[in-house]
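K.L.:
What follows is a structure written as structure tokens; I'll ask about it next.
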Amino acid sequence: MCEYNYSIEEVEEMLEEIAESIPKALYKNLHGGIVLIEGAKIHTKSIEPSKLYIAGEYIRNRNTGNHIKIYYGSVMKLYQNWSKEKLKEELGKILIHEFRHHIEYEAGDYSLVVEDKIFINNYLERHSE
């Protein structure tokens, strides 16, 4: 029995629908595509008790190629009580965020990397003792 409100298969189906709506041109050099990882991932700078879950990552790797990871466990920890429509909308935001990393990397632009660093710094300021 699934410990979350949505099974990994349901989330995978939602992701596939979202991925199909993304223009094929944006997949250029995304060799490994989109991968749904079963587990959760906590950011290395996470501070208890306010865990900072990583819902998605853009990975650049010479061996496996560029790909996007979506962490099912993290998404469920954050959004399992949301309606299916709201969850799908949030998955779309996560996926677009990771595609933006890919597109910006391809263009030599690191604006989103800077935004993510600011987000982490704000999180640390809010949750540090």
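K.L.:
So, with +1 on the Cβ of K and R and -1 on the Cβ of D and E, and no other charges, what is the size of the charge dipole of the chain about its Cα centre, to the nearest 20 debye?
P.N.:
Dipole of the chain, to the nearest 20 debye: 360 debye.
K.L.:
Once you've got the GNM for the chain with C-alpha springs shorter than 10 Å, pick whichever of 81, 63, 29 has the biggest mean-square fluctuation.
P.N.:
63
K.L.:
I'd like to know which of 75, 58, 121 lies farthest towards the positive end of the charge dipole of the chain, counting +1 on Cβ of Lys and Arg and -1 on Cβ of Asp and Glu.
P.N.:
Selected residue: 121.
K.L.:
Place a +1 charge on the Cβ of each Lys and Arg in segment 1-46 and a -1 charge on the Cβ of each Asp and Glu, then give the dipole magnitude about the Cα centre in debye, rounded to the nearest 20. Mind dumping the intermediate values first?
P.N.:
Values: 4 positive and 9 negative charges, 107 e Å.
Its charge dipole is roughly 520 debye.
K.L.:
Further question: Say we join alpha carbon atoms closer than 10 Å with springs in a Gaussian network model of the chain; which of 20, 89, 57 then has the biggest fluctuation?
P.N.:
Of 20, 89, 57, the Gaussian network model singles out 20 as fluctuating most.
K.L.:
Taking the Cα-to-Cβ direction at residue 45 and at residue 29 and moving 7 Å from each Cα, how far apart do the two end points lie in nm?
P.N.:
With each label point 7 Å from Cα toward Cβ, the separation is 2.6 nm.
K.L.:
Output the pairs from 24/77; 24/51; 69/117; 24/45; 45/69; 28/93 with a Cα-Cα distance over 28 Å in this structure; if there are none, say none.
P.N.:
Working: 24/77 30 Å; 24/51 35 Å; 69/117 19 Å; 24/45 34 Å; 45/69 19 Å; 28/93 20 Å.
Beyond 28 Å: 24/77; 24/51; 24/45.
K.L.:
Something else now. Report the local net charge at residue 57: Lys and Arg +1, Asp and Glu -1, summed over other residues whose C-beta lies under 14 Å from its C-beta. Don't jump to the answer; show the numbers that get you there.
P.N.:
Details: positive: 41, 60, 69, 100; negative: 98, 116.
Taking every Cβ under 14 Å from that of residue 57, the sum is +2.
Only the coordinates and a few stated rules stand behind these numbers; no lab work does. Treat the numbers as computed from the prediction; the structure is a model and nothing was measured. All Cβ positions, glycine included, derive from the backbone under ideal geometry; neighbour counts span all protein chains shown.
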